[in-house]
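Structure first, commentary second.
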Amino acid sequence: MFMPSTSLTVRLLMLLILLWSGAALAQSGGTSVVVTERTRAELLAHAPEGLDPGKPVWVGLQLAHQPEWHSYWKNSGDSGLPTKLEWKLPAGVVAGEIAWPTPSKHPIGTLINYGYEHTVLLQVPLTITPEFRPSRLAGALEVRLKAHWLVCREMCIPEEGEFSLAIPAKSSTAVHGPIFQSSFAAQPKPLTGQATAAIDGNALQLRVSGLPAGLRGKPLEFFPETPEVIETSAQWSQAWDGQVWTAQIPLSPQRSKSPDVMPIVLTQGNAGWSIDARVQGTWPAGAAPVAVSPALQEALRNNVAAAAAESGAGLTFTAALLGALLGGLMLNLMPCVFPVLAIKVVGFTQHGSDQQARRLYGAAYSAGVIASFAALGLLVVALRGAGEQLGWGFQLQMPGVVAALAVLFTLIGLNLAGVFEVRQLIPTRLASMQSSHPVLNAFLSGVLAVVVASPCTAPFMGAALGFAVGLPAAQALLIFATLGVGMALPYLIASGAPAVARLLPRPGEWMVIFRKLMAYPMFAAVVWLLWVLAQQSGIDAAGALLVVLIATSMLAWSLGLSSRARVIVGLIAVAWTAGFAWLLAGQIVAARQPQAVAANDGAWQAWEPGRVEQLLASGRPVFVDFTAAWCVTCQYNKKTVLEKPEVLADLAARNVALLRADWTLRDPAITAALAALGRSGVPLYVLYIGNAAPRILSEILSPSELREALAAVPLASSPTAERLLTLRSAIAP
């Protein structure tokens, strides 16, 4: 027996410490630079006097634009969106507001926007309080930023990036001092004079005093910080009344704000001055925001109800049972179930020559599938009865469940690969019971199949599930159980058919090779679950889970070592696993909100309640993609249909607004929207056209089906109108 020496033990412990430290650094690390085809974005820091409380500390996002591209000021003008910065800082550190540099005007057709070309630094002051404690590992202030910015030329492209930076706590950070000093100099200088904005009908009469004497007689540019007040692209006049600059600026017909004080910026060349103008007079009535008339609102509600009826709510109970049976059958063809097929096929090969054992195995597997569907149905019905908004696949909206499945799939893959055997994990008495009663294994593999299959919604299945939710408990449970019967039916028939056994080759060495080969679908499923967790809780959580999986693999491998080596390596693996599992739990608890997951993606906008009605009221057709990161079918449809340039071109040519409702994390509003359409799971694709009933497309989407649905939408009236409408849709808030 191999006996590890003391030096080897020490080396193993040192290796564990190094691995732990390296993983911690990797988790806190990241990138400070994000490069796209149009911009280079970099997170910079400036702490010339260190990180002591009361000392000046600045961070900023520097955007370097490609020629002719620009991003936007705090008031973007006629169109566009201001850059948004979301900070994640340790306790004791508070981020201030963006110190916006002086903007310039950027015309796009007849529109006038306010923003920045070339390179701009959007800097933010950090307040360091006495409660701040640097990270023990790196001795630094760890700054994390998620930024969203819109860049435009003749077209507009939303971009985003995640940044991280470590600012040393014990030394000054001034390498980017000249960049920050240049940005400080570009800030509008506050005026000490007075400014008034008198309301004169549908115009503002501005009077500003205290401007530098060298400006008198020169024309100035005017920028209001408050959006949606003036008509940005309209002609306006200005003049000098001695030392006072005056201007008459038309109000916007769509004005939606009536401030008492208007902060304004005046510029001449590259210099700018800021002052708050007191509003005098009474604002005229503003235009009502785009909304839905009561008649149209009622029509839309009726249309949604009609769509729900056509898609499932109008089914008879018998038709719903048939749909559940067909949906369960087709669920076996969904990508979610592929990893579990490995376990089922291995079980088939093990009992290929034993007809009785194969039938028993098939019956136990089927029982596990049906019982699991019934249990899920019971849980959904019970929680909905208690007021919870849940849908199909709800368990994978919980990052903890995703992480647990990743660990389970890793262990199953290692077991199939021969790294360890289950009997090594349990006492001898239980091991002999397990080996003599493989029925339990078959039953549990059926349970696992349902857990893994739940992210998928097969054709016919969505309408049946949506119908089941509104039924009495007994009928709803029968529909869920019928889904299980459909999923288990092919395997149950195959296990009882003698012809299947004749198709299998005779037992031999190939069975060992085949079993190990089937480990790889399980590992592929682990990669998918890691990606899902990253979407839900961030890349840090995915990194922590990856380290947990490595430690778990080390623990499984240690089971086959000699007694003393098993204890030493096992203890190291257990400590490693426990430490990073605790770290992972912290990351999961701090998971991002559903709104953060649904970030804009190109021409797509985030769905929100009432957004469809607003767009329809403005005359635009709307296409909604109800999706989730854990839904494999959703990702398949996205890659094969919704991201195809020709499909996006068809949608753009018809000025279709694209909304994405991301259900990766629990979102009661999306759950309610699904229920209103007679569904309880994703994917779901809905096309809204005017006052017509919403058209629900297939779960397995195809370009031809989408184009057929779009045939009812007329093309944009002209290329110019099409470009402007596409521009407005891309940059709509």
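The values are calculated or read from the model by the stated rules, or taken from the named source; none is laboratory data. Since we're looking at a predicted model, the values are computed, not measured. Positions of Cβ are generated from backbone atoms using ideal geometry, with glycine treated the same way; all protein chains shown enter the neighbour counts. Just the protein is used for accessible areas: all its heavy atoms, side chains included, with ligands, DNA and RNA removed. Shrake-Rupley method; radii C 1.70, N 1.55, O 1.52, S 1.80 Å.
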Convex hull volume per residue for the stretch 617-711, taking Cα atoms only, in Å³: 97
Highest average packing first - 119-127, 366-374, 512-520, 44-52, Cβ atoms within 10 Å: 366-374, 119-127, 44-52, 512-520
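For the pairs Lys74/Lys105; Lys105/Lys218; Lys74/Lys638, flag any whose C-alpha to C-alpha distance is greater than 24 Å. Mind dumping the intermediate values first?
Working: Lys74/Lys105 13 Å; Lys105/Lys218 18 Å; Lys74/Lys638 33 Å.
Table pairs above 24 Å Cα-Cα are Lys74/Lys638.
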Solvent-accessible area per residue, Å², over the stretch 168-285 with all protein chains present [probe radius 1.4 Å]: 52
Efficiency of FRET between Ala578 and Glu117 - r from beta-carbon atoms, R0 35 angstrom, step 0.05: 0.10
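Extension gain Ser256-Ser618, at 0.36 nm per residue separation less the Cα-Cα distance, in nm? Don't jump to the answer; show the numbers that get you there.
Details: separation 362, 0.36 × 362 = 130.32 nm, distance 1.66 nm.
Residue separation times 0.36 nm, minus the Cα-Cα distance, leaves 128.7 nm.
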Sites matching chymotrypsin sites (Phe, Trp or Tyr not before Pro) across the stretch 108-187 that sit in DSSP coil, with at most 15 neighbouring C-beta atoms within 10 Å: none
Ser233 - accessible surface, heavy atoms, 1.4 Å probe, Å² rounded to 10: 50
In the stretch 51-139, GluC sites (Glu not before Pro) in a DSSP loop with at most 11 other beta-carbon atoms within 10 Å: Glu68, Glu97, Glu131
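Which of the peptides 549-560, 71-82, 271-282 is most tightly packed, and how do the rest follow, going by the mean number of other Cβ atoms within 10 Å of each residue?
Working: 549-560: 19.2, 71-82: 22.7, 271-282: 16.4.
So the order, starting with the most tightly packed, is 71-82, 549-560, 271-282.
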The stretch 138-180 versus the stretch 65-121: alpha-carbon centroid distance in Å: 14
Computed E for Val567/Ala494 - FRET, C-beta separation, R0 51 angstrom, nearest 0.05: 0.70
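Grab the beta carbon distance between Val94 and Ala676, set R0 = 41 Å, and tell me the FRET efficiency rounded to 0.05. Provide the component values of the computation, followed by the final result.
On the way: r = 41 Å, r/R0 = 1.01.
It comes out at approximately 0.50.
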Extension reserve of the Ser702-Asp200 stretch, reckoned as 0.36 nm per residue once the Cα distance is removed: 175.0 nm
Inter-site label distance for Ser237 and Leu444 at 7 Å from Cα along Cβ, in nm: 8.6
Inter-site label distance for Tyr636 and Glu228 at 7 Å from Cα along Cβ, in nm: 4.2
Under 11 Å, Cβ to Cβ, from Arg144 - net charge with Lys/Arg +1 and Asp/Glu -1: -2
Rough spin-label spacing in nm, given labels placed 7 Å along Cα→Cβ, for Glu68 and Arg153: 0.5
Within the accessible area of the stretch 229-286 (1.4 Å probe), percent carbon and sulfur: 42
